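The values are calculated or read from the model by the stated rules, or taken from the named source; none is laboratory data. All values derive from a computational prediction rather than experimental measurement. Reconstructed Cβ throughout: ideal geometry from the backbone, glycine too, with neighbour counts over all protein chains shown.
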Amino acid sequence: EPRAPPEKIAVIGAGIGGTSAAYYLRQKFGKDVKIDVFEKGKVGGRLATLNVQGQEFESGGSVIHPLNLHMKRFVKDLGLSAVQSPSGLVGVYNGETLVYEESSWFIINMIKLIWHYGFQSLRMHMWVEDILDKFMRIYRYQSHDYAFSSVEKLLHSLGGDDYLGLFNRSLLETLQKAGFSEKFLDEIITPVMRVNYGQTTNINGFVGAVSMAGTDPGLWAVKGGNKLVCSRLLQASRSNLVSGLVMSIEEKTRTKQTGNPSKVYEVVYQTGSETHSDFYDIVLVATPLNRKMSNINFLNFDPPIEEFHQHYEPLVTTLIKGELNSTVFSSRALNEFHLGTVLTTDNPDLFINSIGLVSPVEEDNNPQPKADTAHVWKIFSAAALTKEQILKLFVSYDYAVKQSWLAYPHYTPPEKCPSIILHDQLYYLNGIEFAASAMEMSAIAGYNAALLAYHRWNGNTHMIDQEDLYERLKTEL
Ligand SMILES: Cc1cc2nc3c(=O)[nH]c(=O)nc-3n(C[C@H](O)[C@H](O)[C@H](O)COP(=O)(O)OP(=O)(O)OC[C@H]3O[C@@H](n4cnc5c(N)ncnc54)[C@H](O)[C@@H]3O)c2cc1C
Ligand SMILES: CC(C)=CCC/C(C)=C/CC/C(C)=C/CSC[C@H](N)C(=O)O
């Protein structure tokens, strides 16, 4: 006999991971299960906007890849629309000069790249494309309802030992072995890792490839703000949003109406100054587990659930409306400075990772730097900028606003991804960020956790951790 569906499920965290999990849990478990989504801050989590003089700008997760199929589907199915992300010209600054500068002419760019770096740029493109090609297999597995019990097994199913090897070695090691030159790594690859992950080529090769994919053409964002996906997913999942801080989760035995004792989880949470608790059959934790970010205590588990000491990289997003001092980066005045983004090399004297022109979340255009005009620039830096630092970068500015993040894991390969299954019916989504942190990765983790919870609840072991899925599904329609 099929097992009765669970009565209540808790999801902790209303970022893209938690809200996509709630959406897929509803699809799998049906209309009767009660789903509570706990959120201590704002729905969206690391998808957020900041207001600059009446207009909203992305301050967290901003760009989405054209092949991020879950994000694409959410936008379509939830009645949202997409806008193209700014794709202005990019330069690379090393603290003294621009070591690389894009031109608006495709052919000139090609000649420049070949002149400086031979065919390494083309080889890099092919390397990323091959990794993305294999990455796309996850969509086929998930559309056939297959789930994975660990991030390592998921990665292995995409491309075997080579794929897992990418995760276990640094990007530097992988690219050096593949024959890429020091100059190319320092001047092109490191600046991309700095803008996207605030780190160097010491990150793992998989997140390195994801980061390079973040420079592909056709990047997009959600009109009105990426965080709208989270609120729409919550609505569509018909979950109950609990605005509160989860403090602890404890396994308890409860006698249900049927008279049989069953294992449940007691979730203790705080709303304002009040403490409450509730019981759940299944719990999904959709926030990084560490003291600084979530501080959830797992009580009385046998064996105990390990303490998480996952270090997340501090990062500050600063939005400034002002007139850029282009002479910081080149001898040219602003009316001859056509770069929309300046990336930086790994120079300890530099106090920013990147600076780029941005558009409001409602707009679908490419801002161009113009002389005597104040534009909104987004700066990523490891620490908050001082007024003196801002005045080095801008001739003048009207408005500045900042948001501090613990943004993404500090990657130190080789490392083990935290388990997805923490206990019998207790799941953890954010271990996937140790492979790579991106919106689509959290959406994949949300879907995977919903499938895993469903199959484990119903004893469908044949739908979990299947080997050779790619070969097996090749012949299926
Ligand atoms: C500055 C920045 C730029 C980025 N740019 C991009 C980009 O361009 N493209 C891209 O794809 N990705 C980008 N990312 C990464 C992307 O934003 C994240 O990978 C993704 O949003 C993570 O989503 P999540 O739901 O897993 O976690 P989160 O968004 O962190 O959600 C977790 C939620 O849980 C809540 N929570 C935590 N503890 C508790 C508790 N005890 N009780 C209740 N609630 C709790 C938090 O408040 C939070 O809302 C960027 C990230 C940052 C910070
Ligand atoms: C998950 C896959 C296959 C692809 C995602 C590619 C992608 C969009 C990578 C970007 C990841 C990231 C963390 C970017 C941070 S900064 C983004 C942007 N440059 C900005 O200026 O805000």
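Go through segment 250-267 and give me each residue that's surrounded by 12 or more Cβ atoms within 10 Å (Cβ to Cβ) and of a type in the set (Val, Ile, Thr).
Val264, Val267
In segment 414-429, how many residues are within 16 Å of ligand 1 (Cβ to nearest atom) and of a type in the set (Lys, Arg)?
So the answer is 0.
Please name all residue pairs, on different chains or six or more residues apart, with Cβ atoms under 7 Å, provided the first residue is in segment 206-220 and is within 13 Å of Val195 (Cβ to Cβ) and the second residue is within 11 Å of ligand 1 (Cβ to nearest atom) and assigned to a helix (DSSP H, G or I).
Partner pairs satisfying both residue conditions: Ser211/Asn196; Ser211/Tyr197; Gly214/Asn196.
Assuming Asp162 fulfils every condition listed in (1) free of Cβ contacts under 8 Å to residues at least 12 places away in the same chain; (2) over 22 Å from Asp465 (Cβ atoms) apart from one, which condition is it?
Looking at each condition in turn, Asp162 falls short on (2).
Looking at segment 110-126, which of its residues are under 18 Å from Leu339 (Cβ atoms) and over 30 Å from the mean Cα position of the chain (by Cα)?
Once the filter is applied, which keeps residues that are under 18 Å from Leu339 (Cβ atoms) and over 30 Å from the mean Cα position of the chain (by Cα), segment 110-126 yields Lys112, His116.
Return a yes/no flag: does segment 142-156 have any residue that is crowded, with 19+ Cβ neighbours inside 10 Å and over 23 Å from Lys416 (Cβ atoms).
For segment 142-156, residues crowded, with 19+ Cβ neighbours inside 10 Å and over 23 Å from Lys416 (Cβ atoms): present.
Filtering segment 63-81 down to residues that are of a type in the set (A, V, I, L, M, F, W, C) and within 14 Å of ligand 1 (Cβ to nearest atom), which residue is nearest to Ser143 (Cα to Cα)? Give the derivation first.
Pass one, segment 63-81, residues of a type in the set (A, V, I, L, M, F, W, C): 63-64, 67, 69, 71, 74-75, 78, 80.
Right, trim to within 14 Å of ligand 1 (Cβ to nearest atom) and you get 63-64, 67, 69, 71, 74-75.
Details: Val63: 24, Ile64: 21, Leu67: 16, Leu69: 11, Met71: 15, Phe74: 14, Val75: 18 Å.
Across segment 63-81, the extreme among qualifying residues is Leu69.
Scan segment 325-337 and tell me whether some residue there is in contact with a strand residue (DSSP E or B) (Cβ under 7 Å, 6 or more places away or on another chain), of a type in the set (A, V, I, L, M, F, W, C) and farther than 30 Å from Leu452 by Cα. So that I can check it myself, show each step before the final result.
Step one: of segment 325-337, the residues in contact with a strand residue (DSSP E or B) (Cβ under 7 Å, 6 or more places away or on another chain) are 325, 329-330, 334.
Those still in the list that are of a type in the set (A, V, I, L, M, F, W, C) too: 329, 334.
Restricting the remaining residues to those that are farther than 30 Å from Leu452 by Cα gives 329, 334.
Yes, segment 325-337 contains a residue that is in contact with a strand residue (DSSP E or B) (Cβ under 7 Å, 6 or more places away or on another chain), of a type in the set (A, V, I, L, M, F, W, C) and farther than 30 Å from Leu452 by Cα.
Specify which of the listed residues (Val63, Val43, Val75, Val52) is surrounded by 17 or more Cβ atoms within 10 Å (Cβ to Cβ) and touching a helix residue (DSSP H, G or I) at 6+ places or on another chain (Cβ under 6 Å).
Within the list Val63, Val43, Val75, Val52, the selection yields Val43.
For a quick check of your reading: which strands (runs of 3 or more DSSP E) sit entirely within segment 1-58 and have at least 2 residues that are under 17 Å from Leu233 (Cα atoms)? Lay out the reasoning, then the answer.
Numbers: elements: 8-12, 34-39, 49-52, 55-58.
So the answer is 8-12, 34-39.
Just need a number here: residues in segment 266-310 that are within 19 Å of Gly244 (Cβ to Cβ) and touching a Lys or Arg at 6+ places or on another chain (Cβ under 7 Å).
Qualifying residue count, segment 266-310: 3.
Among the numbered conditions (1) in contact with a Cys (Cβ under 6 Å, 6 or more places away or on another chain); (2) of a type outside the set (Asp, Glu); (3) within 22 Å of Gly198 (Cα to Cα), tell me where Arg46 comes up short.
(1)
Please go through (1) more than 16 Å from ligand 1 (Cβ to nearest atom); (2) out of contact with any Gly (no Cβ under 9 Å at 6 or more places or on another chain); (3) in contact (Cβ under 8 Å) with a residue 60 or more places away in the chain; (4) closer than 20 Å to Ser437 by Cα for Asp186 and return the number of the only condition it doesn't satisfy.
Among (1) more than 16 Å from ligand 1 (Cβ to nearest atom); (2) out of contact with any Gly (no Cβ under 9 Å at 6 or more places or on another chain); (3) in contact (Cβ under 8 Å) with a residue 60 or more places away in the chain; (4) closer than 20 Å to Ser437 by Cα, Asp186 violates only (4).
Any idea how many residues of segment 82-114 are away from ligand 1 (no atom under 16 Å from the Cβ) and out of contact with any Gly (no Cβ under 6 Å at 6 or more places or on another chain)? Can you show your working first?
Kept after step one, since they are away from ligand 1 (no atom under 16 Å from the Cβ), are these residues of segment 82-114: 89, 91-114.
Then keep just the ones that are out of contact with any Gly (no Cβ under 6 Å at 6 or more places or on another chain); that gives 91-97, 99-100, 102-114.
Residues that pass the stated criteria total 22.
Contact list please: Cβ distance under 7 Å, first residue in segment 448-477 and of a type in the set (Ser, Thr, Tyr) and crowded, with 16+ Cβ neighbours inside 10 Å, second residue in a helix (DSSP H, G or I) and modelled with pLDDT of 95 or more, pairs at least six apart or on different chains.
Tyr454/Lys28; Tyr454/Phe29
Which of the residues belonging to segment 238-267 are free of Cβ contacts under 8 Å to residues at least 24 places away in the same chain and within 28 Å of the chain's Cα centre (by Cα)?
Hits for segment 238-267: nothing passes.
In segment 438-477, how many are within 16 Å of ligand 1 (Cβ to nearest atom) and either farther than 15 Å from Ala22 by Cα or among the aromatic types (Phe, Trp, Tyr) (or both)?
Final tally of qualifying residues: 5.
Checking Phe180 against (1) closer than 30 Å to Lys28 by Cα; (2) assigned to a loop (DSSP other than H, G, I, E, B): exactly one of these is not met. Which one?
Failing condition for Phe180: (1).
Matching residues to (1) assigned to a strand (DSSP E or B); (2) more than 16 Å from ligand 1 (Cβ to nearest atom); (3) touching a residue at least 60 places away in the same chain (Cβ under 8 Å):
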{"position": "Phe380", "(1), (2), (3)": "yes, no, yes"}
{"position": "Val401", "(1), (2), (3)": "yes, no, yes"}
{"position": "Trp405", "(1), (2), (3)": "yes, no, yes"}
{"position": "Thr412", "(1), (2), (3)": "no, yes, yes"}
{"position": "Ala436", "(1), (2), (3)": "no, no, yes"}
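Taking Ile432 as meeting all but one of (1) buried (at least 24 other Cβ atoms within 10 Å of the Cβ); (2) out of contact with any helix residue (DSSP H, G or I) (no Cβ under 6 Å at 6 or more places or on another chain), write down the number of the exception.
(2)
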